[in-house]
1. Top mean-square fluctuation among A:Leu50, A:Leu36, A:Leu85, Gaussian network model of chain A, C-alpha springs under 10 Å?
2. Note the full-extension length gain between B:Asn11 and B:Asp77 as 0.36 nm times their separation in residues minus their Cα-Cα distance, in nm to one decimal.
3. Rounding to the nearest 10 and keeping the result within 0 to 90°, find how far the Cα-based axis of helix A:7-49 lies from the longest principal axis of chain A.
4. Segment B:7-128: percent of C-alpha pairs farther apart than 23 Å?
5. Pairing the Cα long axis of helix B:93-141 with the longest principal axis of chain B, what angle in degrees results, from 0 to 90 and rounded to the nearest 10?
6. Computed from the mean reciprocal separation of all distinct C-alpha pairs, what Kirkwood hydrodynamic radius does the protein assembly as shown have, in Å?
7. Using modelled amide H (1.01 Å from N, peptide plane; none on Pro or chain starts), what sits under 5 Å from the amide H of B:Ile83, excluding residues fewer than 5 places away?
8. Assuming R0 = 25 Å, can you tell me the calculated FRET efficiency for the pair B:Phe132 and A:Gln24, based on Cβ-Cβ distance, to the nearest 0.05?
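Please treat every number below as a calculation from the coordinates, not as lab data. Keep in mind it's a predicted model, so treat the numbers as computed, not measured. Every residue, glycine as well, gets a Cβ built from its backbone with ideal geometry; the counts of neighbours run over all protein chains shown.
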Amino acid sequence: MNNEYPPQVQNQIAQLQQVQQQAQSLAMQKMQTESLKKESENALEELKELSDDSVIYRAIGGLQIQANKDETIDKLNEKIESLSLRIQSITRQEERVSKRFTQLQEQIKQSMGQQQGQGHQAQ
Amino acid sequence: MSQMNEQDARNLLAQHREYKARVETLYQQINAVQSQIDECTSALNTINELKEINDELDTMVPIGAGSYLHAKLTKPDTVVVNIGAGISVEKTVENAIKTLNRRKDDLTKTVEQLQSSMNQLTKSIEEIENKFQDYSQSQQRQPPQYSGQ
């Protein structure tokens, strides 16, 4: 169906589709990162409720290594902070992609409008 | 309904496709959560089978490809439970059962919420399909329009 449009509009439509895919990919990354953050926050809550002499293990590769409670809490806090930064970065990228999407949409509308105007003049 | 024009029909078609894709995603999510519930049930069954045993127990550890190594359970009165983010905690049998039951209840609630969203979407899809059926019938009733070219 796109073949009915002039090359310039076809190019803009292809760009729009590419930007749409980028937006979908970013949304997916954000969802996964948020879910990891939520998992870490839940683990942190559960760890804080444990007594100090609780036996804790941390997964390192395929191994479970016995770990200290306070050290594990620190590591989880670091992980949550790093995931929060990642989410912020994805959100900024999403904003940029969204602006580019609106911009391309407007350009396509204008190009189509011009094409229709030329069509009417030709008739 | 007969007032639906071609643009409305296109919009509805796009909405129909989007809803179908969302139902497919929800279906996959439900299956994933259901398999976590099954894992909890399996772990609970194992713990319940072993909870009366306090001495060392001969068992076998799977090493893959249907092969096992002989092993002894040195602490059958404790269970190491994963609490997420790569952290596991050693718990008494009773506490492990409580944790796993709570997790199973949470997952069951999640499945119910996902199921409810899926039902709503399925209903919306049916409504769109009904609108399409009405539209297609109204189009068939209309006499063909010639452009005069």
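1. A:Leu50
2. 17.7 nm
3. Computed tilt is about 10 degrees.
4. So the pairs more than 23 Å apart make up 53 percent of the total in segment B:7-128.
5. That helix lies at roughly 10 degrees to the long axis.
6. With all distinct Cα pairs of the protein assembly as shown included, I get 24.7 Å.
7. B:Ser88, B:Val89
8. Efficiency, rounded to the nearest 0.05: 0.40.
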